[in-house]
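The values are calculated or read from the model by the stated rules, or taken from the named source; none is laboratory data. It should be emphasised that the depicted structure is a prediction, and the values quoted were computed from it without experimental measurement. Cβ: placed from backbone, ideal geometry, glycine included. Neighbour counts: every protein chain shown. Keep in mind that these areas ignore ligands, DNA and RNA; they rest on the heavy atoms of the full protein, side chains included. Shrake-Rupley method; radii C 1.70, N 1.55, O 1.52, S 1.80 Å.
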Amino acid sequence: MAQDSLKYQLSATLDIKASYLVTDVLQNIYAVDEDGELIKFSPEGEELYRFNEFTLGMPTLIDATNPFKVLLYYPEFQTVVTLDNTLSKTGSFDLFDLDFDIIEALCFSNDGNIWLYDPISFKVKKIDNSARTLLSSSDLSLVLESALEPSFLLERENWLFVNDPESGILVFDVYGEYSKTLDMPGLRSFQVVDGRIIYFNDKTLHAFDLQSLDRYIISIPETEKAIQNVRIEKERLYLALEDEVRIYSF
């Protein structure tokens, strides 16, 4: 098992207790604070914009795949909110109103529509904001040995990745056809970067090469505080700690 030898330099520290943290391809940072407010920071750590919708509860998902169209999901009210690059609200819709129920996780597709898992039909579906089903998988209850309870979805590099903490990562093509399940149970989230699945687990940053199937560890800076989440974007590393976010360059 190989380990990357990277030299990290601390470039900024954000004074925020982030309950959720993601980054985009432009190296911007999006953090939900403990009150449920979304804050966007520049790559240098400068606060840029804020957004809140406190009446909807706490957002549990941010999808910043497209930095000009950001998705927030509020599961308590099954509501999707879309924002522009200044975190100004551009739209919202209620999945209850679209005849969906108990949707735990979803994500943007590369064409700007939405992937979700429908537990009633046991299918992964791509829908538009009018609930029109554009693509659908087969009935996964006939394929999988256990019930699917996804916590995280991500479309990257022409694949849809569906994370089930019990089973691992289910891989679908962009037409919704099931391909395989990767043996990576227990994850909350992950990234797909340059053909590698990168995930933080058991206090360690791991990488899994989707082509060679090799697994290895990526070194990260030591810290005296507990790490909640880790992100990598280009030559930046982001550590979400108990009460702050540290940005490193390498």
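The E235 and L26 beta-carbon pair, evaluated with R₀ = 22 Å, returns a calculated FRET efficiency of approximately 0.95.
For a straight C-alpha distance cut-off of 22 angstrom, the lysines reachable from K125 (same-chain residues fewer than eight places away being disregarded) are K69, K180.
Ligands, DNA and RNA left out, the accessible area of the stretch 149-250 computed with a 1.4 Å probe is 43% carbon and sulfur. Normalised by the number of residues in the stretch 122-250, the mean separation of alpha-carbon contacts (under 8 Å, six or more apart) gives a relative contact order of 12 percent. Normalised by 2.2 N^0.38 Å, where N counts its residues, the alpha-carbon radius of gyration of the stretch 1-50 equals 1.36.
The distance between label points at N113 and T204 comes to 4.0 nm (points 7 Å beyond Cα on the Cα→Cβ vector).
Given just the C-alpha atoms of the stretch 96-178, how large is their convex hull per residue in cubic angstrom?
Values: hull volume 6.7 nm³, N = 83.
With only Cα atoms used, the stretch 96-178 gives 81 Å³ per residue.
Legend: P(r) of the stretch 206-250 from all alpha carbon pair distances, 5 Å bins from 0, whole percents, reading 5, 18, 27, 21, 16, 9, 3, 1. Checking every one of the GluC sites (Glu not before Pro) in the stretch 11-107 against DSSP loop status and a limit of 12 other Cβ atoms within 10 Å picks out E34, E44, E46.
Using a probe of 1.4 Å, the accessible surface attributed to T223 totals some 40 Å² when neighbouring protein chains are kept in position.
Exposed loop positions in the chain were taken to be trypsin sites (Lys or Arg not before Pro) whose DSSP state is not H, G, I, E or B and which have at most 14 other beta-carbon atoms within 10 angstrom. Between these positions, the longest stretch is 8-131.
Each 10 Å bin from zero up to the one holding the largest Cα-Cα distance in the stretch 175-250 carries the following percent of pairs: 16, 49, 26, 8, 1.
For T86 and E149, the difference between the fully extended length at 0.36 nm per residue and the C-alpha to C-alpha distance is 19.4 nm. Derived scalar couplings between HN and Hα for the stretch 200-213 equal 9, 8, 6, 6, 9, 8, 10, 9, 10, 7, 6, 8, 7, 6 Hz in order, rounded to whole Hz, by the Karplus curve 6.51 cos²θ - 1.76 cosθ + 1.60 (θ = phi - 60°), x for Gly and Pro. A Cβ-based charge dipole, computed about the Cα centre of the stretch 83-227 with Lys and Arg at +1 and Asp and Glu at -1, lands at about 260 debye. Taking 17 Å as the straight-line reach from the Cα of K234, the lysines in range (excluding those fewer than 8 positions away in the same chain) are K7. Round to a whole number: what % of the accessible area of the stretch 1-83 belongs to carbon and sulfur, probe 1.4 Å? Exposed carbon and sulfur together represent 49 percent of the surface. Placing +1 on the Cβ of every Lys and Arg and -1 on the Cβ of every Asp and Glu, with nothing else charged, gives the chain a dipole about its Cα centre of roughly 540 debye.
Using 0.36 nm per residue of separation minus the Cα-Cα distance, give me the extension gain between D15 and D99 in nm, one decimal. Please report the intermediate quantities before stating the final value.
Numbers: separation 84, 0.36 × 84 = 30.24 nm, distance 4.04 nm.
Difference between extended and current length: 26.2 nm.
What the stretch 140-250 shows is 49 Å² of accessible area per residue, with the surface traced by a 1.4 Å probe over protein heavy atoms.
Candidate values (1) 47; (2) 61; (3) 39 were compared with percent of Cα pairs over 24 Å apart computed on the shown model; the agreeing label is (1).
Can you pull the Kirkwood radius for the stretch 99-235, inverse mean 1/r over Cα pairs, to one decimal in Å? Display every interim value, and only then the final one.
Numbers: mean 1/r = 0.0630 Å⁻¹.
Final number for the Kirkwood radius of the stretch 99-235 is 15.9 Å.
Between L134 and N52, full extension at 0.36 nm per residue minus the direct alpha carbon distance yields a gain of 26.5 nm.
Per-residue 3J(HN,Hα) values for the stretch 230-244, derived from phi via the Karplus relation 6.51 cos²θ - 1.76 cosθ + 1.60 with θ = phi - 60°, read 9, 10, 10, 9, 6, 9, 10, 10, 10, 10, 8, 9, 4, 9, 6 Hz in sequence order (x marks Gly and Pro). In the stretch 1-139, the ratio of gyration radius to Kirkwood radius, Rg to Rh, stands at 1.03 when only Cα atoms are counted.
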